[in-house]
């Protein structure tokens, strides 16, 4: 009996190193990323990305106009052409692979745009470190210019650095060179950019970059800013900055006061502002239209004691869009 027990223990001891080695190999061996076969330039319009889930379900989200996506393969289904593409979900900071209906005319050869590794090499340290490079994702967008080819705009998201970077890459002599960049801090309480789209709002061929950017100043002072920028001479130029969500309940005024005009109340102490921005035709382009409300609170009371509704168009004045307030 004792000999059988000793033999069983010996088998376990001999097998254990191999099992541990196999486990360590499985833990350290990273899955191979699919290799792109080309690029997809998303034209104007709505584009739904269908992402398969582990439970055989599918989730769908809208892809922003102007996005430049790597394409891994294509297929025909019900008379339509579908492309398997990769996209960075800006709200979660995670990369997704899914299917989107495409027009084959919008596909570009792989050599048309630089690879992720080439872009990271151009950015230099710390993106040259293997660990940082492996945990950095890039969302690409083409921004039309009135003169010359489109600019390549990249949102470089690196969770280990707790930082994202919005970088301009300009084409020239068959290459893309990095230009101006904006650093955007990340944290558990504050994301970077949660939405980015490209629209020609002015109507002159130079597109605008529209982003939604969360902020937090104090525990009860936080929200989301919508910002319209333009890329002018390889630089970022702010054209319009407005809040679409603004909680300012970290402080209260000595008494509740409703200012005139009503948009002056946006972001005031003791208020919660919620709004949305749409775009309506104006001249050759589009003008942003802000619609929302401001609710007024007093200390110690959970519900608002008053509110005002606000609607305001902000036309183009030749240099930028008119301020909201």
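If you check residue 142 against the conditions, is it in contact with a strand residue (DSSP E or B) (Cβ under 7 Å, 6 or more places away or on another chain) and surrounded by 12 or more Cβ atoms within 10 Å (Cβ to Cβ)? The answer is yes for residue 142.
Here is a check on your reading of the model: is residue 294 part of a strand (DSSP E or B), in contact with a helix residue (DSSP H, G or I) (Cβ under 8 Å, 6 or more places away or on another chain) and farther than 23 Å from residue 47 by Cβ? For residue 294, the condition - part of a strand (DSSP E or B), in contact with a helix residue (DSSP H, G or I) (Cβ under 8 Å, 6 or more places away or on another chain) and farther than 23 Å from residue 47 by Cβ - is met.
Does residue 146 satisfy the criteria of being outside any strand (DSSP E or B) and in contact with a helix residue (DSSP H, G or I) (Cβ under 6 Å, 6 or more places away or on another chain)? Step through it out loud before you land on a result.
On the way: outside any strand (DSSP E or B): yes; in contact with a helix residue (DSSP H, G or I) (Cβ under 6 Å, 6 or more places away or on another chain): no.
Here the answer is no, as residue 146 does not meet what is asked.
Say we look at the stretch 103-125 and pick out the residues that are in a loop (DSSP other than H, G, I, E, B) and over 21 Å from the mean Cα position of the chain (by Cα); which of these is nearest to residue 230 (Cα to Cα)? This residue is 124.
Here the condition is being at pLDDT below 95 and surrounded by fewer than 15 Cβ atoms within 10 Å (Cβ to Cβ); of 172, 179, it holds for 172 alone.
Selection of the stretch 74-100 for residues being over 27 Å from residue 158 (Cβ atoms) and either surrounded by fewer than 13 Cβ atoms within 10 Å (Cβ to Cβ) or in contact with a helix residue (DSSP H, G or I) (Cβ under 7 Å, 6 or more places away or on another chain) (or both) yields 75, 76, 77, 78, 79, 80, 81.
When only residues in the stretch 116-130 that are out of contact with any helix residue (DSSP H, G or I) (no Cβ under 6 Å at 6 or more places or on another chain) and touching a residue at least 24 places away in the same chain (Cβ under 8 Å) count, which is surrounded by the fewest Cβ atoms within 10 Å (Cβ to Cβ)? Walk me through it before giving the result.
Step one: filter the stretch 116-130 for residues out of contact with any helix residue (DSSP H, G or I) (no Cβ under 6 Å at 6 or more places or on another chain), giving 116-119, 121-125, 128-130.
From what's left, touching a residue at least 24 places away in the same chain (Cβ under 8 Å): 119, 122-123.
Numbers: 119: 21, 122: 16, 123: 20.
Selected residue: 122.
Being in contact with a helix residue (DSSP H, G or I) (Cβ under 7 Å, 6 or more places away or on another chain), modelled with pLDDT of 95 or more and in a strand (DSSP E or B) is a condition met by at least one residue of the stretch 131-138.
The values are calculated or read from the model by the stated rules, or taken from the named source; none is laboratory data. Everything quoted here is computed from the prediction, not taken from an experiment. Every residue, glycine among them, receives a Cβ derived from its backbone with ideal geometry; neighbour counts consider all protein chains shown.
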